[in-house]
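Engineer: I'd like to ask you about the structure that follows.
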Amino acid sequence: MSAVVTIENARKTAAANSAPEWLAELQSIISPNHAFADFETLLEHSRDRLPFGRFRHRSNQLTGVLPSAVVKPASVSEVQTVVKFATEHNLSVIPYGSGSGVLGGTVPFQGEMIVASNRMNHVIEIDETNRVVRVEAGTNGRALEVALRDKGYTCGHYPQSMDMSTVGGWVACRGSGQSSSRYGNIEDMIVGLKVVLPSGELLEVRHAPRRSVGPSIIELFIGSEGVFGIIVELTMRIWRLPAQEINAVIAFPGIEQGLNAARDVMQAELRPSILRLYDKGESERWGQGDLPDETHPVMCMLVFSGSHAVAEAEAGLAIEICKKHGGVIISNEPLRRWQKVRFESHSEEFVNAGGFYDTIEIAAPWSALPEMYAKIQAAVAKKYPVVQLNAHWSHAYSDGACMYMTSKFPAMADEQALPMHSDIWDIVMKLCLEFGGTISHHHGIGYFRNRWIREELKFGHDVLFELKRALDPGLLFNPGKLGLESEA
Ligand SMILES: Cc1cc2nc3c(=O)[nH]c(=O)nc-3n(C[C@H](O)[C@H](O)[C@H](O)COP(=O)(O)OP(=O)(O)OC[C@H]3O[C@@H](n4cnc5c(N)ncnc54)[C@H](O)[C@@H]3O)c2cc1C
């Protein structure tokens, strides 16, 4: 990794140097108003929402380096032009959605050119007969949902970052929304796509409800994090907005009972649109005065939706299951509290006040979750008592669930905090792998998880690299991400 560059030094270097020689040529083939090399635009695109990058930014440092330019094509053919230009000039490229990624997936480390998708932001067609939408990849998540809701539909994908992310970014990061237990994850929703490959060719997988024509080409790009090309268009399943939503908040005697109940709900083939089980610390945060007493310190929020009959039947069955595990129904107030801020970033205040805040989402089979949680909690508490580490379980399946951890530590010097932050990641990733979990449920790898990807994928990582070489022989697309280091 490159040495730390201060923002001040980067500004001075940018002022002393002229724009790259090739920029004028690029501006002449796409609109000059949409290829930039001014310092402020470069700085804005030099980082995403990787917490480590935010700590560095707070200390007036870059996460990596500045990109060489930022280009904003407005059509598929303009993307092809830009990509062919980049390949001909041997320029590295980083596809960019909205920069809401939290693993540094868009951070340049060798002056790459950013190709931003935000001018490709149209909902092309809502096909009501087949219940699919065709949408340009740079479309903002909320804008897509608003267009669908105007006609009584939803795409069912509600990441917390919905207002600040693009549909292409959802796919590139293999994302997951808050209602995944009902609507599935992004890979269950995408039924067609168009990608501009590093060669500049346009690859199209046209819509089909399912196909058995070899391995899925669509899946190759879901989670590709910009290393295989630029996703330019998607076809996604859509659903009628539910007629009814039934809410319930249940308090449990402990995490084990809560996890057993969540497992039984999913194994009973119920499909909650929200299932969120919180540990004691997080239950206190959302429950405030609404948790009954110390006998039931752990809370689970449930929402069932659909037609009246289906939502009522599913909610009834789920509540019965929860009661069998010692659950008691409490006020819905904690759920309302969460719903008010469910699409907001919760770290801003904390980080702006000088503290350190990060999230780590992993997933594991039900059998591993209770002990994995206990071991991670104990290991972090023993080594770093100053750190507050809590977890919730959302995105539940019949065979396991995502465990989403938040770590918070108070304001202190970077020299003290950053090694601690790095070590906590190491502790969590190692214990996760030891328990047979996966190192990421939905945030992806970016560059920040490079350290652990090989241990998780093993020979599968070599297979990924072979695919990378075949599609991108110059290794120009998002170099170093997904652990695919350049061979230079
Ligand atoms: C507060 C907060 C909450 C979040 N909540 C969730 C959540 O609930 N669920 C979830 O899944 N994620 C969540 N995230 C993570 C992040 O928002 C998602 O990963 C999102 O999908 C990234 O979209 P983006 O458009 O901002 O992509 P970017 O950050 O711009 O890019 C992310 C990666 O995708 C690649 N990429 C982007 N667009 C394209 C394209 N068109 N073609 C090829 N590659 C591309 C980039 O090269 C990069 O590797 C959250 C982030 C924040 C800050």
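Engineer: Hey, among ASP423, ASP399, ASP462, ASP414, which residue is closer than 19 Å to ILE255 by Cα and acidic (Asp, Glu)?
Structural biologist: After ruling out the rest, the residue left standing is ASP399.
Engineer: Tell me whether the range 126-135 contains one or more residues that are closer than 18 Å to ALA74 by Cα, more than 9 Å from the ligand (Cβ to nearest atom) and assigned by TED's automatic domain parsing to the domain that holds VAL167.
Structural biologist: yes
Engineer: Give the range 228-254 a look and list any residue that's under 19 Å from VAL133 (Cα atoms), in a loop (DSSP other than H, G, I, E, B) and within 16 Å of the ligand (Cβ to nearest atom), or say none.
Structural biologist: Taking the range 228-254 and keeping what is under 19 Å from VAL133 (Cα atoms), we get 231-242.
Next cut, in a loop (DSSP other than H, G, I, E, B) only: 238, 241-242.
Of everything in the range 228-254, nothing turns out to be under 19 Å from VAL133 (Cα atoms), in a loop (DSSP other than H, G, I, E, B) and within 16 Å of the ligand (Cβ to nearest atom).
Engineer: Then there is this: For the range 64-121, which positions are surrounded by fewer than 24 Cβ atoms within 10 Å (Cβ to Cβ), within 13 Å of the ligand (Cβ to nearest atom), of a type in the set (Ser, Thr, Tyr) and under 27 Å from MET162 (Cα atoms)?
Structural biologist: Result: SER98, SER100.
Engineer: Somewhere in the range 118-137, is a residue part of a loop (DSSP other than H, G, I, E, B), in contact with a helix residue (DSSP H, G or I) (Cβ under 9 Å, 6 or more places away or on another chain) and hydroxyl-bearing (Ser, Thr, Tyr)?
Structural biologist: Among the residues of the range 118-137, not one is part of a loop (DSSP other than H, G, I, E, B), in contact with a helix residue (DSSP H, G or I) (Cβ under 9 Å, 6 or more places away or on another chain) and hydroxyl-bearing (Ser, Thr, Tyr), which makes the answer no.
Engineer: Checking the conditions here, which among ILE439, ILE360, ILE376 is modelled with pLDDT of 95 or more, within 20 Å of TRP286 (Cα to Cα) and among the hydrophobic types (A, V, I, L, M, F, W, C)?
Structural biologist: Checking each option against the conditions leaves just ILE360.
Residues checked against (1) in the same structural domain as GLU112 (by TED's automatic domain parsing); (2) away from the ligand (no atom under 14 Å from the Cβ); (3) part of a strand (DSSP E or B); (4) buried (at least 18 other Cβ atoms within 10 Å of the Cβ):
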residue: VAL146; (1), (2), (3), (4): no, yes, no, no
residue: SER176; (1), (2), (3), (4): no, no, no, yes
residue: GLU187; (1), (2), (3), (4): no, no, no, no
residue: GLY200; (1), (2), (3), (4): no, yes, no, no
residue: SER212; (1), (2), (3), (4): no, yes, no, no
residue: GLY226; (1), (2), (3), (4): no, no, no, yes
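Engineer: Identify the residue in the range 339-357 that is within 11 Å of the ligand (Cβ to nearest atom) and touching a strand residue (DSSP E or B) at 6+ places or on another chain (Cβ under 7 Å) and, among all such residues, is nearest to THR406 (Cα to Cα).
Structural biologist: TYR357
Engineer: For the range 268-280, state whether one or more residues are assigned to a loop (DSSP other than H, G, I, E, B), within 15 Å of the ligand (Cβ to nearest atom) and not assigned by TED's automatic domain parsing to the domain that holds GLY156.
Structural biologist: yes
Engineer: Can you say whether HIS296 is part of a loop (DSSP other than H, G, I, E, B) and within 22 Å of TRP425 (Cβ to Cβ), as far as the supplied structure shows?
Structural biologist: No; evaluated as a whole, the condition is false for this residue.
Engineer: Let me ask you something else. Answer yes or no: is there a residue in the range 301-316 that is in a loop (DSSP other than H, G, I, E, B), surrounded by fewer than 23 Cβ atoms within 10 Å (Cβ to Cβ) and either among the hydrophobic types (A, V, I, L, M, F, W, C) or under 26 Å from the mean Cα position of the chain (by Cα) (or both).
Structural biologist: Taking the range 301-316 as the starting set, the residues that turn out to be in a loop (DSSP other than H, G, I, E, B) are 307.
Cutting the leftovers down to surrounded by fewer than 23 Cβ atoms within 10 Å (Cβ to Cβ) gives us 307.
Subsequent filtering for residues that are either among the hydrophobic types (A, V, I, L, M, F, W, C) or under 26 Å from the mean Cα position of the chain (by Cα) (or both) retains none.
No, that holds for no residue.
Engineer: Considering only the range 442-463, I want to know if a residue exists there that is within 16 Å of the ligand (Cβ to nearest atom), in a loop (DSSP other than H, G, I, E, B), hydroxyl-bearing (Ser, Thr, Tyr) and surrounded by 15 or more Cβ atoms within 10 Å (Cβ to Cβ).
Structural biologist: The answer is yes; a qualifying residue exists.
Engineer: Next question, about the same structure. Among the residues of the range 362-417, what is the count of those that are surrounded by fewer than 21 Cβ atoms within 10 Å (Cβ to Cβ), part of a strand (DSSP E or B) and of a type outside the set (S, T, N, Q)?
Structural biologist: 3
Engineer: Then there's this: Looking only at residues that are outside any loop (DSSP other than H, G, I, E, B) and touching a Gly at 6+ places or on another chain (Cβ under 6 Å) in the range 152-171, which one is farthest from the ligand (Cβ to nearest atom)?
Structural biologist: MET162
Engineer: Within the range 1-82, considering only helices (runs of 4 or more DSSP H) that don't extend past its boundaries, which have at least 2 residues that are aromatic (Phe, Trp, Tyr)?
Structural biologist: 51-58
For (1) under 22 Å from ARG342 (Cα atoms); (2) hydroxyl-bearing (Ser, Thr, Tyr); (3) free of Cβ contacts under 8 Å to residues at least 60 places away in the same chain, each residue gets a yes or a no:
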| residue | (1), (2), (3) |
| --- | --- |
| PRO198 | no, no, no |
| LEU241 | yes, no, no |
| GLU245 | yes, no, no |
| ALA251 | yes, no, no |
| GLY254 | no, no, yes |
| SER273 | yes, yes, no |
| GLU284 | yes, no, yes |
| VAL298 | yes, no, yes |
| HIS308 | no, no, no |
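Engineer: Tell me, yes or no, whether the range 468-477 has at least one residue that is assigned by TED's automatic domain parsing to the domain that holds TYR373 and crowded, with 20+ Cβ neighbours inside 10 Å.
Structural biologist: no
The values are calculated or read from the model by the stated rules, or taken from the named source; none is laboratory data. The shown structure was predicted, so the numbers you read here are calculated from the model rather than taken from an experiment. Every residue, glycine as well, gets a Cβ built from its backbone with ideal geometry; the counts of neighbours run over all protein chains shown.
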